[in-house]
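The values are calculated or read from the model by the stated rules, or taken from the named source; none is laboratory data. What you see is a predicted model; the values in this text were computed from it and never measured. All Cβ positions, glycine included, derive from the backbone under ideal geometry; neighbour counts span all protein chains shown.
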Amino acid sequence: MNYQTLLNKSALILKKNSIKSPVLDCEILLSYALGFTREEVLLNLTNKLKISELKKFNTNFKKRKKMEPMAYILGKKEFWKSNFVVNKKVLIPRPDSEILVEESLSLLKKEKYYNILDIGIGSGCILISILKDRKKCVGTGIDISHEALRVAKINAKIQNLENRIKFIHSDIDKFLGSKYDMVVSNPPYISSSNVNGLSEDIKFYEPKLALNGGPDGYSKIKKVIKKSSKLLKNRGKLILEIGFNQLTGTIKILQENGFYINKYSKDLAGKIRCVISTKL
């Protein structure tokens, strides 16, 4: 069987299984099985597959057919300017979360030292992306998941940042840190009742711990804000990701905890996704 025939048949199957990007996914899976770039595959569509290559493709194709996210199948996901190792113990980095990196960098001067805390570090994509661009900054990442911290440590090592980040296993309520110049966080903010309404690739594969924000979606947001009010230096910044419909509620919690609202930013879909505030 040549590449073109395999791609045509496989894409049709994924389409019938309601996969949103069947053609692209099959091309990526084939390039992964062959060890080629996607462009190389498309330039050699008449080439025939070896049995070992077809076997590798089919193994991963079956996973995608069952709605497993491509990032977990490939073991990596691009975010900001780098590829990050991911597995089912961490939330898949999303383009919408890049706004946290963008807003953080806009507040951090290149030649100045800052101490940054990432609450719920997950894969480490946000803090690592910030530190790669700000060479004099250091950071601390906390997470309640041992498995997530292991992934974050791998990513820090790949990016040669393991000496600039402290990794701490801790629940946010029990964390006792120093004073920080900035706190960044993408906490779970989906209400418990809405988690089961998520698409199958999310609700069946991504960690519920990183998604479920409690009955109203604000449980973890409140904890992050309250803890940040104690850990931030005077005039320190909190960069917080929220759900598209949580701005009013989040602003109320921030103001109750001594924060001034600087601005809020929209994601790629034009929905409010990030709130920037200052500890007074």
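Just a few scattered comments:
- When region 59-101 is filtered for residues that are assigned to a helix (DSSP H, G or I) and either exposed (fewer than 14 other Cβ atoms within 10 Å of the Cβ) or aromatic (Phe, Trp, Tyr) (or both), the ones remaining, listed by number, are 59, 61, 62, 72, 95.
- Residue selected from region 88-136 under the condition of a type in the set (Lys, Arg) and touching a residue at least 40 places away in the same chain (Cβ under 8 Å), by the criterion nearest to residue 277 (Cα to Cα): 132
- Screening region 171-191 for residues that are closer than 21 Å to residue 273 by Cβ and among the polar types (S, T, N, Q) and picking the one that is modelled with the lowest pLDDT gives 191.
- All of (1) touching a Phe, Trp or Tyr at 6+ places or on another chain (Cβ under 7 Å); (2) not in a loop (DSSP other than H, G, I, E, B) hold for residue 136 with one exception: (2).
- Among the residues making up region 123-137, those that are under 18 Å from residue 238 (Cβ atoms) and either of a type in the set (Val, Ile, Thr) or out of contact with any strand residue (DSSP E or B) (no Cβ under 9 Å at 6 or more places or on another chain) (or both) are 126, 130.
- The number of residues in region 152-163 being part of a helix (DSSP H, G or I) and over 9 Å from residue 121 (Cβ atoms) comes to 6.
- Of the candidates 195, 151, the single residue that is of a type in the set (Val, Ile, Thr) and in contact (Cβ under 8 Å) with a residue 60 or more places away in the chain is 151.
- Every pair of residues 6+ apart whose Cβ atoms lie under 7 Å, when the first sits in region 64-84 and is among the β-branched types (Val, Ile, Thr) while the second is not in a strand (DSSP E or B): 73/60; 73/63; 73/64
- Sole exception among (1) in a loop (DSSP other than H, G, I, E, B); (2) touching a Phe, Trp or Tyr at 6+ places or on another chain (Cβ under 8 Å) for residue 111, by number: (2)
Here's the yes/no breakdown for (1) under 25 Å from residue 212 (Cα atoms); (2) of a type in the set (D, E, K, R); (3) not assigned by TED's automatic domain parsing to the domain that holds residue 199:
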| site | (1), (2), (3) |
| --- | --- |
| 26 | no, no, yes |
| 50 | no, yes, yes |
| 54 | no, no, yes |
| 90 | yes, no, no |
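- Residue that is surrounded by the most Cβ atoms within 10 Å (Cβ to Cβ) [pool: residues in region 10-58 that are assigned to a loop (DSSP other than H, G, I, E, B) and polar (S, T, N, Q)]: 47
- Criterion (aliphatic (A, V, I, L, M), within 23 Å of residue 88 (Cβ to Cβ) and free of Cβ contacts under 8 Å to residues at least 12 places away in the same chain) met by exactly one of 24, 29: 24
- Any hit, region 127-138, residues being surrounded by fewer than 20 Cβ atoms within 10 Å (Cβ to Cβ), over 18 Å from the mean Cα position of the chain (by Cα) and modelled with pLDDT under 95: no
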